[in-house]
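None of the figures in this text is laboratory data; all of them are computed from the coordinates on show. No experiment lies behind these values; they were computed from the predicted model shown. Using ideal geometry, Cβ is built from the backbone for each residue, glycine included, and neighbour counts are taken over all protein chains shown.
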Amino acid sequence: MKITAKDGLLLILGMAVVTYLPRLLPMFLFSAEKLPSLIKRFLDFIPYAVLTTLIFPEILSSTAHPGSALAGGFISLLLAYYQNNLFLVVAGGIGAVFLCELLF
Amino acid sequence: MILPKEVSAVKQGSFFTGVKTGLPVAFGYLPIAIAFGLLAKANGLNATASTLMSALVFAGASQFVAVNLLATGAGLGEIILTTFLVNIRHLLMGAALAPRLRRQPVKVKSIIAFGVTDETFSVVSMYPAKNSNPGFVAGVNTIAYLGWVLGTACGSLMVKGLPALLQSSMGLALYAMFIGLLVPGLKGSRPNLIVSLIALVLSAITAWGPLCLRSLAKGWKIMLVSVVACSIGALFFPGEVNEDNS
């Protein structure tokens, strides 16, 4: 369907506002000089929990076949464990998917 | 914490270091942004509209949802409310970043907050707190933003999508990056590893478990899984567990 230019602009501005607010508010809510240590520990764990749930299980549907995604993910995991170089981890994973889908 | 090699080797903190570090994010955004541009065009949003949306909203998942809702004839209010619900997870990420930026002026905080996405948050938060200065964070956010906006513009002007094989293999890029960011942080820390494993199990449960969990939007799943896993971590691992606490 087609929406009018005015509605389109309203939609985009509305989306922009409701997306920006959750990004902005915590910057001011959690800016105390000394946070309670329980909260600080909670916040420090967030990246690990968030990254884990971003990866799994969505990675399985990130490519054309779960099999190639699994192979790419496994290669990335190995490279991340032994190599510690982010570009290599990404390139290796993509390369593995590419080869998998080319060959099978 | 052990850091990706290219990260520890470069000088800390500058905008340019951030740009360099954020390159995998921009690279990973490109195929998704192109796909978004194409989908938007197919659903009646022209190149100007979809590029403007990417420039002002800068939140991939919700933009896809919005365009799909638009195609089903949903009203503006419904789409905007859904966008809010999908993006409310950024509250958690903003909270995790906030302590590092607490001494920055309002203007700096406001600019950096705009660029918080799943991916930029992941890259930035894998740095020791003392290394993350606002210039660095802004650098990561800027290159990611450029990848997203330019990719959208390209997609909305393209006649055909990327070749299927290329699209499929590049689909793994962001996930591979997440793995590359996560694994080094788990190697040196048992608490981090355990929190991550708890999150893994919970994430599987929210994906394949009871219908009431399965039917939640991904944004809520991320919040739910993270709050539970991090609460367990905070309660059962007292003391300073991460070396990057400063």
Here region B:101-107 yields Karplus 3J(HN,Hα) values (6.51, -1.76, 1.60; θ = phi - 60°; whole Hz; Gly and Pro given as x) of 9, 4, 8, 7, x, 3, 4
Here P(r) for chain B, Cα-Cα distances in 10 Å bins, as whole percents, is 7, 27, 36, 23, 6, 0
Taking only the alpha-carbon atoms of region B:9-140, the convex hull volume per residue, in cubic angstrom, is 110
Semi-axes in Å, largest first, for region B:42-120 (Cα gyration tensor, √(5λ)) are 29, 14, 9
Toy charge model, Lys and Arg Cβ at +1, Asp and Glu Cβ at -1: chain B dipole around Cα centroid in debye, rounded to 20, equals 260
For region B:189-246, the Kirkwood Rh over every pair of distinct alpha carbons, in Å, works out to 12.2
Any trypsin sites (Lys or Arg not before Pro) in region A:1-68 that lie in a DSSP loop and have at most 12 other Cβ atoms within 10 Å would be A:Lys2, A:Lys34
Across 10 Å bins beginning at 0, the whole-percent shares of Cα-Cα pair distances in region B:114-201 come to 14, 35, 31, 17, 3
In Å, the Kirkwood hydrodynamic radius from C-alpha pairs for the protein assembly as shown sits at 20.4
Whole-Å distance linking the alpha carbon centroid of region B:14-29 with that of region B:105-175 is 7
Helix-only [θ] at 222 nm, chain B, -39500 (n - 2.57) per DSSP H run of 4+, per residue, nearest 500, equals -23500 deg cm²/dmol
Env charge @ A:Thr52, Cβ radius under 13 Å, K,R +1 / D,E -1, value -1
Rounded to the nearest 0.05, FRET efficiency between A:Glu33 and B:Ser14 (Cβ-Cβ, R0 30 Å) equals 0.70
So for region A:30-104, using the alpha carbon gyration tensor with a ≥ b ≥ c as root eigenvalues (a/c under 1.5 gives rounded; past that, a/b versus b/c decides prolate or oblate), I'd call it prolate
